[in-house]
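Student: One structure, as structure tokens, below. Some questions next.
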Amino acid sequence: MGAESVRAIAAADDLELVAELGSGDALDTLADAEVAVEFTRPDVVLDNIEWCVGHGVHVVTGTTGFTPERLDTVRGWLADSPGVGVAVVPNFALGAVLMMRFAETAARYFESVEIVELHHPQKVDAPSGTARLTAERIAAARSSAGLGAIPDATSSELEGARGASIDGIPVHSVRARGLVAHQEVLFGAAGETLTIRHDSFDRASFMPGVLLAVRSVVARPGLTIGLDPLLDR
Ligand SMILES: NC(=O)C1=CN([C@@H]2O[C@H](COP(=O)(O)OP(=O)(O)OC[C@H]3O[C@@H](n4cnc5c(N)ncnc54)[C@H](OP(=O)(O)O)[C@@H]3O)[C@@H](O)[C@H]2O)C=CC1
Ligand SMILES: O=C(O)C1=N[C@H](C(=O)O)C[C@H](O)C1
């Protein structure tokens, strides 16, 4: 993603690429940058954000592994640097953003829902950040609609067979050679199902969203979560 972003930024007429960093490089190289695009690993992303916020560099990150607690940590740093913006975007693909929006809309109408996310086998985290955010949004929509727990009579289970539970929504992770990034949200009600599916077949799918976030974050101090607030403006 870093290499793909470097190519996209270098090709954009209104942006200037000032640095490219890997794991062996000092963050000081970023001091002249207005915005840092951060695609690394869940175990290092917070240190990178802390450095950037402390040095007045806006951040666009797509790195996964963000929990509500980690987001609160970022909010705390931003409170001390009120002019700085950080955009944490679990999925930059427009279709994925819409898939989450449509799933949130459908959530109130269906008794059952499960998420299946499918990725390439190099992915280090499970479930995906996209699945996590989708589950959180579906759970919030179900709760405001007064829906209770998802019906499930399972009383005996091999551990993991029913997936991970995120805010009560079952999430299943598949890793297979040949996949890039895919997700299905399966809704069920009496006599019908609705499946909302998104497929990224190429990492080029993420670049329009990365560029949109880079252009937007400088005018959005504080924390922005997901691409949704940046669309339709
Ligand atoms: N939001 C979105 O739309 C998307 C998000 N992602 C997420 O982005 C993250 C990265 O994915 P991906 O690019 O596939 O992963 P890769 O493993 O291909 O790349 C990770 C990169 O992070 C670099 N890195 C590791 N540690 C540091 C550090 N301390 N400082 C600077 N750079 C570091 C590595 O550099 P080096 O090679 O020098 O070691 C490596 O190039 C994952 O969390 C993934 O889930 C992925 C796709 C889309
Ligand atoms: O690791 C990936 O590849 C991806 N990671 C993000 C996630 O975890 O949701 C976004 C996309 O699914 C690709």
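Student: Name the residue that is surrounded by the most Cβ atoms within 10 Å (Cβ to Cβ), counting only residues in region 183-204 that are within 21 Å of Ser128 (Cβ to Cβ) and β-branched (Val, Ile, Thr).
Tutor: Ranking the candidates gives Val185 first.
Student: Can we say Val45 is in contact (Cβ under 8 Å) with a residue 12 or more places away in the chain, among the aliphatic types (A, V, I, L, M) and open to solvent by less than 50 Å² (accessible area, probe 1.4 Å)?
Tutor: Criteria met by Val45.
Student: Scan region 198-210 for residues that are more than 12 Å from ligand 2 (Cβ to nearest atom) and touching a Ser or Thr at 6+ places or on another chain (Cβ under 9 Å) and report the count.
Tutor: 1
For every residue, the table says whether it meets (1) under 16 Å from the mean Cα position of the chain (by Cα); (2) open to solvent by 30 Å² or more (accessible area, probe 1.4 Å).
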site: Gly54; (1), (2): no, yes
site: His58; (1), (2): no, no
site: Gly83; (1), (2): no, yes
site: Asn91; (1), (2): yes, no
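Student: Mind counting the residues in region 14-54 that are assigned to a loop (DSSP other than H, G, I, E, B) and more than 15 Å from ligand 1 (Cβ to nearest atom)? Lay out the reasoning, then the answer.
Tutor: Of region 14-54, the ones assigned to a loop (DSSP other than H, G, I, E, B) are 14-26, 33-34, 39-44.
This time we only want the ones that are more than 15 Å from ligand 1 (Cβ to nearest atom), so: 14-18, 34.
So the answer is 6.
Student: What's the total number of residues in region 121-179 that are acidic (Asp, Glu) and either away from ligand 1 (no atom under 16 Å from the Cβ) or surrounded by fewer than 10 Cβ atoms within 10 Å (Cβ to Cβ) (or both)?
Tutor: So in region 121-179, the residues acidic (Asp, Glu) come out as 125, 136, 152, 157, 159, 167.
Now drop any that are not either away from ligand 1 (no atom under 16 Å from the Cβ) or surrounded by fewer than 10 Cβ atoms within 10 Å (Cβ to Cβ) (or both), which leaves 152, 157, 159, 167.
Residues in region 121-179 being acidic (Asp, Glu) and either away from ligand 1 (no atom under 16 Å from the Cβ) or surrounded by fewer than 10 Cβ atoms within 10 Å (Cβ to Cβ) (or both): 4 in total.
Student: In region 94-132, which residue that is near ligand 2 (Cβ under 9 Å from one of its atoms) and in a helix (DSSP H, G or I) is nearest to Asp199 (Cα to Cα)?
Tutor: Ala96
Student: What do you reckon, is Thr67 open to solvent by 30 Å² or more (accessible area, probe 1.4 Å), within 21 Å of Lys123 (Cβ to Cβ) and of a type in the set (S, T, N, Q)?
Tutor: Values: open to solvent by 30 Å² or more (accessible area, probe 1.4 Å): yes; within 21 Å of Lys123 (Cβ to Cβ): yes; of a type in the set (S, T, N, Q): yes.
Yes.
Student: Does any residue in region 156-182 that is among the polar types (S, T, N, Q) come within less than 6 Å, Cβ to Cβ, of a residue that is open to solvent by less than 50 Å² (accessible area, probe 1.4 Å) and within 16 Å of ligand 1 (Cβ to nearest atom) six or more places away or on a different chain, and which pairs are these?
Tutor: Ser173/Glu117; Ser173/Pro127
The values are calculated or read from the model by the stated rules, or taken from the named source; none is laboratory data. Treat the numbers as computed from the prediction; the structure is a model and nothing was measured. For neighbour counting, all protein chains shown are included, and Cβ atoms are generated from backbone atoms with ideal geometry for every residue, glycine included. For the accessible areas, the whole protein counts, side chains as well, though only heavy atoms, and no ligand, DNA or RNA atoms are used. Shrake-Rupley method; radii C 1.70, N 1.55, O 1.52, S 1.80 Å.
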